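Asker: One structure coming up, written as structure tokens, with questions to follow.
Bear in mind these aren't lab numbers, they're just calculated from the coordinates by the rules spelled out. As the structure is a computational prediction, the values presented were derived from the model and not from experiment. Note: ideal-geometry Cβ built from the backbone for every residue, glycine included; neighbour counts use all protein chains shown.
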Amino acid sequence: MSLLRIVACMTTVVLSIRTSNAYECPSYEDIVQTSLEGYRASELDGGSDSIWYMVATNEPTLPPICTCGINNITVSDDELTYEYTNTDICQGLKEPFQIHIGGEINGEFPGNMKENAIIHNHQLKNLDPNMVFHVERDGNKDLDVVYTYACLGHGLFSFNVLAKTSTRTTQEIESMIAEVDNMIGHGILKIEKVRIVNQTSYETCEV
Ligand SMILES: *[C@@H]1O[C@H](CO)[C@@H](O)[C@H](O)[C@H]1NC(C)=O
Ligand SMILES: *[C@@H]1O[C@H](CO)[C@@H](O)[C@H](O)[C@H]1NC(C)=O
């Protein structure tokens, strides 16, 4: 092997090691599934008595003592904006933990959203990607499960499974996650450290 080829070969090895270490936020086009055809962001907004159960999450900013997340989402189709509260039950705390988030919807690809926290009615700037990349529908074609992936910057990522019902077993939720990971391609989504909230947990939390 010529010296040049050895150098070229070593460079390739070094570059590929670097690439595999530098995980970056996937683009929406890389992860969006055909299930998003016909999807409208306003479908997330089920009206005043509608909530989403966060049956799986690895949200890095959610304190580990908190579980049983529910999201109450409001969407403005006209303004292409949305907001929601995420409420969680935290061990040892009398009051639920609550965070208020606001964001923008891409007019062309409504699953492609950006968001940040709203603190004291003030929307924090520098919105981060929050992508609805796969949905499942029930027999009436209504949304049943929504899979989201958020990139929070600073090397932080958040994979979430939002469901209309809280009555799933751990096994069911685990196989939903495995299926979606296979569908997208293993390693493209960071799904490590996912915390699952099954039916028993939601019953215990009484939410
Ligand atoms: C969800 O938010 C809406 C609008 O802020 C509010 O009217 C409704 O009571 C909330 N629903 C639940 C179940 O928290
Ligand atoms: C929920 O998880 C707990 C703790 O792992 C387990 O004991 C319980 O059987 C699970 N319940 C369901 C419905 O999967």
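Asker: How about segment 17-72: which chymotrypsin sites (Phe, Trp or Tyr not before Pro) there lie in a loop by DSSP and see at most 14 other Cβ atoms within 10 Å? Write out the running numbers ahead of the final one.
Answerer: Working: sites: Y23, Y28, Y39, W52, Y53; in loops: Y23, Y39.
Sites meeting the loop and neighbour criteria: Y23.
Asker: Taking GluC sites (Glu not before Pro) as exposed when DSSP calls them loop (any state but H, G, I, E, B) and at most 11 other Cβ atoms lie within 10 Å, what is the longest stretch of the chain free of them, the sites themselves excluded? Don't skip to the end; give the middle numbers.
Answerer: Details: sites that count: E24, E37, E79, E108, E192, E206.
Between the exposed loop sites, the longest stretch runs 109-191.
Asker: Further, regarding this structure: Would you give the gap between the C-alpha center of segment 60-97 and the C-alpha center of segment 99-137, rounded to a whole Å?
Answerer: 13 Å
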